[in-house]
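The values are calculated or read from the model by the stated rules, or taken from the named source; none is laboratory data. All values derive from a computational prediction rather than experimental measurement. When we count neighbours, we look across all protein chains shown, and the Cβ atoms used for this are built from the backbone with ideal geometry, even at glycine. Calculation scope for accessible area: heavy atoms of the full protein, side chains included, ligands and nucleic acids excluded. Shrake-Rupley method; radii C 1.70, N 1.55, O 1.52, S 1.80 Å.
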Amino acid sequence: MREMRLNKREIKDPDMLRDIIESCDIVRLGLRDRDGMFIVPVNYGYDIETDGTGLKLTLYVHGAREGRKAEAFAADPSVAIEMDCMDGIITGDYTCSYSCAYRSIMGNGTIRELTGKPEKIHALTRIMEHMAPGARIEFRPEMLERTGVYRIDVKNFTGKERKMKPAS
């Protein structure tokens, strides 16, 4: 994996990476189809665990089983991921010195549709737990049948942070 240009901003602490994944609401998926590249923002759920080499991240998304996004998933299972949390505006002394304080995750992986009832229920439960903690979770059979549920096995990801300037 390519080294981060501003590696002083790279987040390597597993707890900080987990916090970003938990804090964000949207993951943006970079996809490719016959019309070119495109980006889709979607809600997500996740499983994250520690293995011998670091964190293993699995994302879950859902949507229609037809349309551009579903066709792209079927045609090319490679996806890029991006999620970010904006932490404020960094002001500057001149116009182009303004920026944002943020925390972000970027990476890539492979997506596949889940077809078995138990794995679809697990994925949809993880999405609900992330997006609506404490909500009542119940899946009707007809809803499970018609909903496209997808798993992204994230192969590589990095975290990055730009902090607010200390108050002067």
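Here are a few things to note about the model shown:
- Loop chymotrypsin sites (Phe, Trp or Tyr not before Pro), region 63-113 (other Cβ atoms within 10 Å of the site Cβ: 16 or fewer; DSSP): 94, 98
- Average accessible area per residue (Å²) across the chain - probe 1.4 Å, nucleic acids and ligands excluded: 62 Å²
- When you filter the GluC sites (Glu not before Pro) in region 53-104 for DSSP loop state and at most 15 other Cβ atoms inside 10 Å of their Cβ, you are left with 66.
- Fluctuation leader among 67, 109, 30 - the chain, Gaussian network, Cα springs under 10 angstrom: 67
- Just so you know, the Cα atoms of the chain work out to an Rg and Dmax of 17.8, 59 Å.
- Normalised convex hull volume, region 80-168, alpha-carbon set, Å³ per residue: 141 Å³
- Apolar share of the accessible surface for the chain: 50 percent from carbon plus sulfur atoms, 1.4 Å probe.
- Where GluC sites (Glu not before Pro) fall in DSSP loop in region 104-140, at most 11 other Cβ within 10 Å: 138
- Estimated dipole of region 1-97 in Debye, rounded to 20 [Cβ of Lys and Arg +1, of Asp and Glu -1, Cα centre]: 360 debye
- Cα gyration tensor category, rounded, prolate or oblate, for region 129-168 with a/c compared to 1.5: oblate
- Mean separation of Cα contacts under 8 Å (6+ apart) over length of the chain, as relative contact order %: 29 percent
- GNM flexibility winner over the chain from 130, 122, 62 (Cα, springs under 10 Å): 122
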